[in-house]
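Input: a single structure, listed below in C-alpha cells.
The values are calculated or read from the model by the stated rules, or taken from the named source; none is laboratory data. Worth saying up front: this structure is predicted, and the values here are computed from it rather than measured. Using ideal geometry, Cβ is built from the backbone for each residue, glycine included, and neighbour counts are taken over all protein chains shown. Surface accessibility is based on the protein's heavy atoms, side chains included, excluding ligands, DNA and RNA. Shrake-Rupley method; radii C 1.70, N 1.55, O 1.52, S 1.80 Å.
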Amino acid sequence: MAGGTRVIALEEHYWDSELKNHLKGVDVAGPPHVAPRMVDFDLRLKEMDEGGIDVQVLSQAAPSVQKMDAETAVPMARRINDRLAEIVKAHPTRFAGFAALPTADPKASADELERCITKLGFKGAMVHGLTNGHFIDEKQFWPIFERAEKLDVPIYLHPAVPDPTVIDRYYKEYAKEYPAILSAGWGFGVETGTAAVRMVLSGAFKQYPNLKMVLGHLGEGLPFLLHRLDESFSRDGKVKFREAFAHHFWVTTSGNFSNPALLCTMMELGIDRILFSVDYPFVNNKLGTEWMKTVPLCAEDREKVLHGNAEKLLKM
Ligand code: GRE
Ligand code: ZN
C-alpha cells in the first residue's frame, strides 16, 4: 500500500493458458468480470495498485489439475509451474507462487512440490477439492504431506465444485437458478470444511506433527463450529479436535470480509493464524483492503493480518 503497510494476499487466482484450454467445457468461467482478469496481468497489476495490494501469491483457480489422469496432470503441472515461475521472475516484488500439484500421482506431486520450492522459489502448494473423487486426507496422498512437512511449506486447501454425486443428491434442484449453491455460496465451503475435518480424523497430523495447512474464507466455517466439533469428537476420547485444528491450520480472509466472522476466528484461533486474502478476481481487491481499514483491531494486529503472519508462514 503506497506509503503504508505492506499488503500480501494469498488466495489470488489466474489461469495458465494451457490449463484453461484443457478445461474448456468444464465449469471454470465464473461471472463475466472474472474471465479477462484471469489472464491479463497488466489489468491485474493496475487493480492491485488501485486496491492497495503489494503482493499476490498466485495460484490456479479450481479445479487446477485435480480432475485429470496422472499421465496428463504430471507433465502439465510441471509446465504450469515453470510458466508461473517466469511470471514471478518478471515481477518479483509483486508476485509469488503456490505450486499446482498433479495429485492423481501423489509421489510425483511430492517431487513437483519439492522442485517448486527448491528450484522455483514457490511458497507452498494449493490443492483444489477432490482428486478424481478422492479426498486429500486418504493415505495414498500422504507422500505430499510428508514432503510439505520436510520442506516446511503449507498446503492450502482450496474449494472446488462438489463431487457430482453430492450435487445430484444435495443441490441439483437449485443449481441452475442459483449456481453459487455449488461454489462460493455454499458447496465450496461444505466440501472444503469436510476436507479439513477429515484431515484431523485421518491421523495425518500424528504422522506429520509439523504439517501446516491453510484454509480460505476464514476457515470455511470451522472456527464458528470449533467448540461443537471438539466437544462431539472428544466424547469417546479418540481425537483432540481443537488441539489438532488449532495447531495445524492457518486461515485467510478470502471473500469473507465480516467483522463478526473475524472476531469469532480471532477468539478461536488467535490473530497469529489469520492472513489477509481477497480471492481475486472472483472478489474485488478494494472490498478487502477497505474492510481491513475498518476492522476493530489494534495497529499491531492489523499488520499481522495484512503481512506479518504471511511473511512468517511463507518466509517472504
Ligand atoms: C474461487 O476461488 O472463488 C472460485 C474458483 C473457481 C470457480 C469459482 C470460484 O477458484 O468462485
Ligand atoms: Zn479461491
Residue span Glu114 to Asp69: 0.36 nm per residue of separation minus Cα-Cα distance leaves a gain in nm of 14.1 nm
Shape call for the chain, from the Cα gyration tensor axes a ≥ b ≥ c (a/c under 1.5 means rounded, otherwise prolate when a/b beats b/c, else oblate), comes out rounded
Among Met267, Met213, Met38, the residue with the largest mean-square fluctuation in a Gaussian network model of the chain built from Cα contacts under 10 Å is Met267
Of all DSSP beta bridges with both partners in the chain, the antiparallel percent, nearest 5, is 5 percent
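When the chain is fully extended, how far beyond the present Cα-Cα distance does Lys172 get from Gln207, taking 0.36 nm per residue of separation?
Using 0.36 nm per residue and subtracting the Cα-Cα distance, I get 8.8 nm.
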Summing -39500 (n - 2.57) over every DSSP H run of at least 4 in the chain, dividing by its residue total and rounding to the nearest 500, the 222 nm mean residue ellipticity is -13000 deg cm²/dmol
Of Pro209, Pro260, Pro63, the most mobile residue in a GNM of the chain (C-alpha springs, cutoff 10 Å) is Pro260
Looking only at aspartates and glutamates whose Cα falls under 15 Å of Lys67's and that sit 8 or more positions away or on another chain, we get Glu18, Asp27, Asp105, Asp163
Note: probe point = Cα of Lys293 + 7 Å toward Cβ; backbone nitrogen < 14 Å; residues of the stretch 252-286 passing the test are 285-286
Summed over the other residues with a beta carbon less than 9 angstrom from that of Gly255, with K and R at +1 and D and E at -1, the charge totals -2
PRE zone check, label point 7 Å out along Cα-to-Cβ of Glu303, amide N under 20 Å, scope the stretch 270-289, hits 270-277, 289
Judged on accessible area alone, 1.4 Å probe, highest first, His22, His158 line up as His22, His158
Cβ-Cβ cut-off under 11 Å around His158, Lys and Arg +1, Asp and Glu -1: the net charge is -4
